[in-house]
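Peer 1: Quick one: the structure is below, and I'll ask about it shortly.
The values are calculated or read from the model by the stated rules, or taken from the named source; none is laboratory data. Everything numeric here is computed off the predicted structure, so don't read it as measured data. Counting neighbours? That spans all protein chains shown, and the Cβs are built from the backbone with ideal geometry, glycine included.
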Amino acid sequence: MPVHVRPVSILAALLSLALPACSSDEPSIGISQPGPSNPSSDPTLRPPPTLEILMSRPSPLVNEKVILTVTSSSGGPLTSARWNFGDGQSGEGTSTEHRWMTASPPSYLVSVTVRTSDGQQGTASKSVTVQSE
């Protein structure tokens, strides 16, 4: 007489061997734990800060001292800033000064990369035309 085995019984038996029993307060196998309960605590989940570059003189003359400041209208307070003045020179700080030694053909691209107190990073850039004296 042939033996009939129910497929459901075999599946249940295999599952009971493959998966250890766990209590209801333990995480289930194969289920990942959720990320931070507050997405705003993870800087990668928020948009970068909105930045603006301000200059003491928008179209400076050659060798004229210009004060550049970066401000943020979103995100946490700025904690660091790294500048590239487009002429091979760089600077640091949320406010810095610079002098371009030659007139620009046609303009220099000034950029700044900042970090905020809540861990965000952002970049802004601005075209600067330096005029002959």
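Peer 1: If you take the residues of region 89-133 that are hydroxyl-bearing (Ser, Thr, Tyr) and within 19 Å of the chain's Cα centre (by Cα), which of them is surrounded by the most Cβ atoms within 10 Å (Cβ to Cβ)? Give the derivation first.
Peer 2: Within region 89-133, the subset hydroxyl-bearing (Ser, Thr, Tyr) is 90, 94-96, 102, 104, 107-108, 111, 113, 116-117, 123, 125, 127, 129, 132.
With the extra rule that they be within 19 Å of the chain's Cα centre (by Cα), the set shrinks to 94, 111, 113, 116-117, 123, 125.
Details: Thr94: 17, Ser111: 15, Thr113: 16, Thr116: 20, Ser117: 11, Thr123: 14, Ser125: 14.
Per the criteria, the residue is Thr116.
Peer 1: Residues of region 49-88 being more than 11 Å from Val130 (Cβ to Cβ), of a type in the set (Val, Ile, Thr) and surrounded by 15 or more Cβ atoms within 10 Å (Cβ to Cβ), which ones?
Peer 2: Ile53, Thr69, Val70, Thr71
Listed here are the residues, each with its yes/no results for (1) assigned to a strand (DSSP E or B); (2) of a type outside the set (Ser, Thr, Tyr); (3) free of Cβ contacts under 8 Å to residues at least 60 places away in the same chain.
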position	(1), (2), (3)
Arg82	yes, yes, yes
Gly88	no, yes, yes
Gly91	yes, yes, yes
Thr96	yes, no, yes
Trp100	no, yes, yes
Ser111	yes, no, yes
Val114	yes, yes, no
Gly119	no, yes, no
Ser125	yes, no, no
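Peer 1: Which members of region 43-60 meet the condition of being hydroxyl-bearing (Ser, Thr, Tyr) and modelled with pLDDT under 90?
Peer 2: Step one: of region 43-60, the residues hydroxyl-bearing (Ser, Thr, Tyr) are 44, 50, 56, 59.
Thr44 - this is the single residue of region 43-60 that is hydroxyl-bearing (Ser, Thr, Tyr) and modelled with pLDDT under 90.
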